[in-house]
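Report on the structure given below.
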Amino acid sequence: MQRGRQLVTIKVITYGTFDMFHEGHRRLLERAREFGDHLTVAVTSEVYDATRGKLNVQEGLSQRLDGVRRSGLADEIIVEEYEGQKLHDIQSRGIDVFVIGSDWSGKFDYLSPYCKVVYLERTKGISSTDLRAQRNGVVRIGVVGSGRIAARFVPESRFVSGVSVEAVYSPTPAHAQAFAAEHELVAACSDYAELLDQVDAVYLATPHGTHADYARTAIAAGKHVLCEKPMTLSADQTAELYELAAAAQVVLLEGIKTAYAPGFRRLLAIAQSGTIGQVVSIEATFTKLVPTGREQQAPEGGAISELASYVLLPAVKIFGTDHAQVRATSFKAADDEVEQFSSIEVCYPGGLCTGRVGIGVKAEGELIIAGTEGYLYVPAPWWLTDYFEIRYENPGIRERRYVDFAGAGLRYEIAEFASVIRAGATTSYMLRPEESVALAGLIERARAEQCFLSDKVRD
């Protein structure tokens, strides 16, 4: 390019994983080249991908480098290996323009003092079309619902290699269209059958009472199902869905994100290893303040239906699915439709679980797993486990464990969902069907057998 009378080389750089190099990647590099004369492409290493929460990368680094090389669009190819490398590369290589996809919009504005920062809009449908042709283990997902949790799901899915969120369904056409536009999806559907025709799997992010019908329809159509917690509010209904999925040979997975998080799985391994002796008690608390919304509405709202899946999860994983007794003590003011706070006690042979949940009461969200030789302590918010301690009788002896918890955590359940599908299996050891059924049964009994405290307790 020519600046005034002086011929100057404009240098451009872009970064990415470039897993299973496809037409969408090619378009990105072609558009990046338009900003200058020399294009450097940085391909992230497996180690760095893992540290930034990029999961399920299908190809090794050498394969991904080769994919970029064969495109013929890169003048130079380098490897991104550590956090902060972008700034170093830009300064040391004299880069004029930094180009990245719009998924990262605003993330790299800090580089603007050193070069021009450009966020390129995704090319809708291009990568999906190519990947469908290749069928290289890529799972096409349709989102059912357009609320808060659905809005978190789509950006989290982009950290998982081998999945592509293609479309959204909402019975309200305007909601589907707005969601698809915001998240750059290929299709917005107001007919559920239309969505199912375009995808391999669905993610159910709708009110609890609708899960069963949506799941049945998807399973009957031969689609895999990732369903937000609780899957249903009935053990029999949950068991029925798993039976249907097994018969259809499709994956059905409950989306309790904690169950799939590396920190929680490491915590469980230590608890089950005998490090703290025999586990005899689990205390877990999860509360949040929700002044309005579906959580506050009968018949499916309330603290138990909203949050009990989390606080009962450690017990089901450690103590098993057979329990002897369930008791719930709840608080509901006279003008409330549903309970605002509940303490749930579950007795197991040889163990006790106490779970506290609240949607109108705030408490410390910690987890304590007590054993005969020590205990595990996870500070709030324990369900986003990134740190815990192993403590013993001697308070001077404690072991600390740090484990990454990336983003909102949904990427872990998405990654496991895709892995199970590609493996040709129907279930995951991280949350087995019998464990989901047991959780539904515990929630069902706790809701049915609540003992309510008087509103006068607050006076």
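Taking the criterion of being under 15 Å from Ile276 (Cα atoms) and of a type outside the set (A, V, I, L, M, F, W, C), the residues of region 351-384 that qualify are Gly351, Gly371, Thr372, Glu373, Gly374, Tyr375, Tyr377.
Output yes when any residue across region 169-177 is surrounded by fewer than 17 Cβ atoms within 10 Å (Cβ to Cβ), more than 15 Å from Leu195 (Cα to Cα) and of a type outside the set (A, V, I, L, M, F, W, C), and no when none is. No. Against the condition within 19 Å of Gly301 (Cα to Cα) and in the same structural domain as Arg152 (by TED's automatic domain parsing), how does Gln249 come out, does it pass? No.
Selection of region 348-359 for residues being at pLDDT 95 or above and either in contact with a strand residue (DSSP E or B) (Cβ under 8 Å, 6 or more places away or on another chain) or part of a loop (DSSP other than H, G, I, E, B) (or both) yields Gly351, Leu352, Cys353, Thr354, Gly355, Arg356, Val357, Gly358, Ile359. Restricting attention to region 158-173, the residues that are assigned to a loop (DSSP other than H, G, I, E, B) and of a type in the set (Gly, Ala, Ser) total 3.
A count restricted to region 287-314 and to residues that are in contact (Cβ under 8 Å) with a residue 60 or more places away in the chain, closer than 18 Å to Ala446 by Cα and not in a loop (DSSP other than H, G, I, E, B) stands at 10. The condition of being surrounded by fewer than 23 Cβ atoms within 10 Å (Cβ to Cβ) and under 22 Å from the mean Cα position of the chain (by Cα) holds for only one of Val160, Val186, that being Val186. Against the condition within 27 Å of Ala151 (Cα to Cα) and without any contact (Cβ under 8 Å) to a residue 40 or more places away in the chain, how does Arg398 come out, does it pass? No.
Working only within region 82-101, note down all residues that are of a type in the set (Phe, Trp, Tyr) and touching a strand residue (DSSP E or B) at 6+ places or on another chain (Cβ under 6 Å). Passing the criteria: only Phe98. Within region 421-432, can one find any residue that is more than 30 Å from Pro155 (Cβ to Cβ) and of a type outside the set (A, V, I, L, M, F, W, C)? Within region 421-432, none of the residues are more than 30 Å from Pro155 (Cβ to Cβ) and of a type outside the set (A, V, I, L, M, F, W, C).
The residue that is surrounded by the fewest Cβ atoms within 10 Å (Cβ to Cβ), counting only those in region 303-324 that are small (Gly, Ala, Ser) and within 30 Å of the chain's Cα centre (by Cα), is Gly320. Just so you know, in region 429-459 the residues that are modelled with pLDDT under 95 and of a type in the set (S, T, N, Q) include one that is farthest from Val357 (Cα to Cα), and it is Ser454. Looking for something surrounded by fewer than 16 Cβ atoms within 10 Å (Cβ to Cβ), touching a helix residue (DSSP H, G or I) at 6+ places or on another chain (Cβ under 8 Å), in the same structural domain as Cys347 (by TED's automatic domain parsing) and not hydroxyl-bearing (Ser, Thr, Tyr) - is there at least one such residue anywhere in region 263-282? Yes: one or more hits.
The set of residues in region 41-68 that are hydrophobic (A, V, I, L, M, F, W, C) and at pLDDT 90 or above comprises Val41, Ala42, Val43, Leu65, Val68. Only one of the numbered conditions (1) polar (S, T, N, Q); (2) modelled with pLDDT under 95; (3) closer than 22 Å to Tyr348 by Cα is violated by Ser234, and that is (2). Evaluated against (1) of a type outside the set (A, V, I, L, M, F, W, C); (2) surrounded by fewer than 16 Cβ atoms within 10 Å (Cβ to Cβ); (3) under 24 Å from the mean Cα position of the chain (by Cα); (4) assigned to a strand (DSSP E or B), Arg327 falls short on exactly one condition, (3).
The values are calculated or read from the model by the stated rules, or taken from the named source; none is laboratory data. If you're wondering where the values come from, they're calculated on a predicted model, not measured in any experiment. For neighbour counting, all protein chains shown are included, and Cβ atoms are generated from backbone atoms with ideal geometry for every residue, glycine included.
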